[in-house]
Each structure stands twice: as structure tokens, then as C-alpha cells.
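What follows is a short report on a single structure.
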Amino acid sequence: MRPPHPPTHYEILNLTPSIIDDSPDAAKLIKKAYHRALLRNHPDKATTHAKTPPGALYSIDQITTAFTVLSAPRQRTEYDAKLRQAQTFSGSAGPDSGQRFQTGVENVDLDDLPYDEARERWYRSCRCGNVRGYLFGEKDLLEVEDGGELMVGCQDCSLWLRVHFAVVDDVTPLDDDPIDQS
């Protein structure tokens, strides 16, 4: 049996990346989530439910780290990239197999996705019902441009989108270059 994954900073603060991205005041939203998480996980103030497994409370250190990382834009970007990479490879069939087994992955071409000019992001609806379940920007593509594919997780469910793209350099050939016609 596989051990459960460690909680993400988003899970600890009960947030999603899209909620933060869509918030007009992300710093205020993250700070409120931080305070709610402290109260929710305080041993004296937390309400215990019969269904809550033992050890389900997050520590102050976990909550503080989550707040620190998500409230700093550069740290959050780096964390999101590491999180995507870890989630992409978490389904591998074995350490030496070279195969990745993933369920709920759909392949699409970047050119087939709609682009939101105002937010400067590509998006796609998900089967779970989220109209913009898959959402990513040019910065995300630049992080993985060498591979030519980006894995994007739905913001509301466990489905994934593998976006294929090609990086085109805007280099024009010189007119005086000899062309080999052999």
C-alpha cells in the first residue's frame, strides 16, 4: 500500500491556485486562510469529528510555511512548478521502467485551446464541470519549453491535461546563404 502524499500548501490553507489567481486581493485572501487554518488546527479550538482521522491536524510550522510560500509570488511560482513536476512523475510504473502510468490524462494541442486575452491565459473546461478547470499562462509554457509538453491539473478534480506545443524561433534565413543542392 502506498503511503498518503504529504499535504500541499494549498491543502493546508484550504485554497486552490485558481482562487488565489482570481482574487483581486490575493495577499488578503491568503492571510485570511492562514488565520482560519490556525484556528481550525489549534488543539484547544479545533472541533473534533468522529470521522476525523487521528493526526489530521496540521502543525503551526506547516501552516506558517504554507502561508510564507503562497504569499510570496516568486516562492509560489517556484513551488507550483515543483508541485506540477512531482505530480507529473508520481504515477510512474517503477523507478527504472521509464514508463509513466497516468489515468485521467487527455492530450491536446496548444493551438486548439481558447486564449483569454484579458488574463493572458489559455484555458479549457473539465469534465467535472469547471468551465476553466485547466488554466495556464505563457510562464508555465516557458518552464517546460524544452520538452514541448505541459501537464496541467484540473483545479477542482484529479483529471489532467497534457498540452503539446512547439517552440518556434523567429529566425529568418539570410538571402546570401548558399543552399546545398547535391
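The values are calculated or read from the model by the stated rules, or taken from the named source; none is laboratory data. Remember, predicted model here, so these are calculated numbers, not experimental data. A quick note on method: Cβ atoms are made from the backbone with ideal geometry, for glycine too, and the neighbour counts reach across all protein chains shown. Accessible surface areas use protein heavy atoms only, side chains included; no ligands, DNA or RNA. Shrake-Rupley method; radii C 1.70, N 1.55, O 1.52, S 1.80 Å.
Within the full protein context, the accessible area of Asp25 is estimated at about 80 Å² for a probe radius of 1.4 Å.
Note on exposure: Arg127, Arg121, Arg36 ranked by accessible area (1.4 Å probe, complete protein assembly) read Arg127, Arg36, Arg121, with the most exposed listed first. Remark: accessible surface ordering of Ser23, Ser158 (largest first) is Ser158, Ser23, probe radius 1.4 Å. Multiplying the residue separation of Val105 and Ser158 by 0.36 nm and subtracting their alpha-carbon distance yields 18.1 nm. Counting only protein heavy atoms and using a 1.4 Å probe, the accessible area of Asp111 comes to about 130 Å². Net length available on complete extension from Val131 to His5 is 42.6 nm, with 0.36 nm assigned per residue and the Cα-Cα distance removed.
As a calculated quantity, the FRET efficiency between Thr64 and Ala166 at R0 = 45 Å, using C-beta atoms, amounts to about 0.60. Spin-label model, Asp21/Glu120: points 7 Å from Cα along the beta carbon direction are separated by 1.4 nm.
Residues Val163, Val69, ordered by accessible area of protein heavy atoms at a 1.4 angstrom probe radius and largest first, appear as Val69, Val163.
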